[in-house]
1. For region 159-197: of the residues being open to solvent by 30 Å² or more (accessible area, probe 1.4 Å) and touching a Ser or Thr at 6+ places or on another chain (Cβ under 8 Å), which is farthest from the ligand (Cβ to nearest atom)?
2. Being more than 30 Å from PRO167 (Cα to Cα) and of a type in the set (Lys, Arg) is the filter here; which residues of region 13-45 pass it?
3. Only residues that are hydroxyl-bearing (Ser, Thr, Tyr) and either under 19 Å from the mean Cα position of the chain (by Cα) or closer than 11 Å to GLY290 by Cβ (or both): list them for region 233-260, please.
4. Scan region 198-214 for residues that are buried (at least 20 other Cβ atoms within 10 Å of the Cβ) and either within 13 Å of the ligand (Cβ to nearest atom) or within 21 Å of SER241 (Cα to Cα) (or both) and report the count.
5. Can you pull out every residue in region 270-298 that is touching a residue at least 12 places away in the same chain (Cβ under 8 Å), open to solvent by 30 Å² or more (accessible area, probe 1.4 Å) and over 29 Å from GLU330 (Cα atoms)?
6. Of the residues in region 125-158, how many are open to solvent by 20 Å² or more (accessible area, probe 1.4 Å), outside any loop (DSSP other than H, G, I, E, B) and in contact (Cβ under 8 Å) with a residue 24 or more places away in the chain?
7. Could you go through region 127-139 and let me know if any residue there is within 14 Å of LEU270 (Cα to Cα) and under 20 Å from the mean Cα position of the chain (by Cα).
Amino acid sequence: MLHINRVNLSVIEMPLKLPFFTHLGTVKKRQSIIIEVMDRDGVSGLGEAVAFSSPWYTEETTQTVLHMMKDFLIPKLFTEKINHPAGISSIFDSIRRNEMAKSGIETAIWDLYAKKQGIPLSILLGGSRSEIRTGAVVATQNEEEALKQIEYFQEQGYQRIKVKISPANDIDFLRAIRKEYPHIPLMADANSAYTLNDVGRLKVLDEFQLLMIEQPLSVTDMVDHATLQRQIATPICLDESITSYHDAYSAIQLESCKIINIKMGRVGGLENARRIHDLCVKHQIQIWCGGMIEFGVSRAHNIALATLEGFTIPGDIVSSNHYWEEDIIEPFVEVKNGVISVPAEVGIGFSINRKRLKEVTIYNEEFVKGKGV
Ligand SMILES: [Mg+2]
């Protein structure tokens with residue numbers, strides 16, 4: 001049994017080396033919350049809540065996550081019986097949604113538990129890979145810039161390239177890329193930029209032999225995605241639409257997609273991610289591990305998650321130095337020849353660089369069992 005008696009939250013902020021463009025907005029600076037949970041034996045675990053500072057990707061923000069943790073989730077940790085991290089998601093079930101807040105804490109407890117067991121998190125989760133394949137995301141819709149970035153990713157050995165598209169910039173953009181790189185594994189993420197009125201446009205994209213088109217329609221358009229999938233050859237991958245096991249179940253039943261992007265933050269943590277993984281494997285839905293322009297703690301959890309056998313498509317898991325001048329973990333995550341070695345050390349296999357964490361922390365709060373919460 002776990003006896004959590006202390007939780008420390010650090011809101012951190014860092015500028016990105018290069019701005020990250022989507023049609024919904026450009027990310028230049030990133031906030032995140034680093035969570036450290038400690039139990040009475042003195043063992044601690046690390047998690048990261050990956051909500052953005054404004055609600056453009058999901059409804060959660062840094063501030064809503066802080067509120068949920070402080071007023072609802074942390075008090076539960078101090079009062080409920082916790083036997084295993086797999087049970088945390090049901091302890092949090094009485095609180096609706098707020099998946100990124102839940103995930104930040106749940107993942108920290110997985111790390112803590114793996115450390116107490118003396119095993120790597122990947123093994124605790126049931127993973128079987130010693131290295132994971134990785135892909136990268138082009139952060140611009142400028143044609144020339146995009147081609148330069150792809151050239152760099154190719155040199156780094158990334159095994160799959162993803163670009164962001166919208167009706168304002170899709171066919172010509174993809175054509176320009178395919179002209180230079182006719183055979184690279186390429187996919188396009190629309191972040192809900194289209195509607196069913198765009199079927200004609202989306203059909204044209206079939207000629208580019210994309211691995212998939214990610215989230216073409218709106219978040220709640222499960223039925224419309226099924227209608228679209230029947231009309232286009234490119235496999236649809238759902239991202240924002242999948243916030244729970246039940247969403248994944250609905251998408252599979254309705255045939256709304258052929259691929260699912262699993263992000264532990266978006267689905268409430270590692271246990272839910274694992275359940276969605278198992279469901280997808282059972283129904284032969286391909287999966288991959290999505291990224292959130294995150295810092296090293298979340299990246300380390302993603303590495304552990306992506307060791308599960310169903311993650312067959314390279315994920316958005318990049319080197320620490322891809323977005324950051326200096327990440328907050330040690331050692332840095334490194335991509336070599338398109339793969340990341342899975343750490344053999346206990347827990348997430350990376351430790352926090354306290355000095356760097358302090359430098360980038362803009363707010364810190366500690367909660368102690370029995371003291372006010
Ligand atoms: Mg996406």
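1. The extreme case among them is LEU196.
2. ARG40
3. Within region 233-260, SER241, THR243, SER244, TYR245 qualify.
4. Matching residues across region 198-214 total 6.
5. ARG275, ASP278, VAL281, HIS283, GLN286 - these are the residues of region 270-298 that are touching a residue at least 12 places away in the same chain (Cβ under 8 Å), open to solvent by 30 Å² or more (accessible area, probe 1.4 Å) and over 29 Å from GLU330 (Cα atoms).
6. Final tally of qualifying residues: 6.
7. Scanning region 127-139, I find at least one residue that is within 14 Å of LEU270 (Cα to Cα) and under 20 Å from the mean Cα position of the chain (by Cα), so the answer is yes.
One line per residue, one yes/no per condition, for (1) modelled with pLDDT of 95 or more; (2) open to solvent by less than 10 Å² (accessible area, probe 1.4 Å); (3) within 16 Å of the ligand (Cβ to nearest atom); (4) in contact with a Leu (Cβ under 8 Å, 6 or more places away or on another chain):
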residue	(1), (2), (3), (4)
THR227	yes, no, no, yes
SER244	yes, no, no, no
ILE252	yes, no, no, yes
ILE259	yes, yes, yes, yes
LYS263	yes, no, yes, no
GLY268	yes, yes, no, no
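The values are calculated or read from the model by the stated rules, or taken from the named source; none is laboratory data. What you see is a predicted model, and the numbers here were worked out from it, not measured in a lab. Counting neighbours? That spans all protein chains shown, and the Cβs are built from the backbone with ideal geometry, glycine included. Quick note on the areas: whole protein, heavy atoms, side chains included, nothing else; ligands and nucleic acids left out. Shrake-Rupley method; radii C 1.70, N 1.55, O 1.52, S 1.80 Å.
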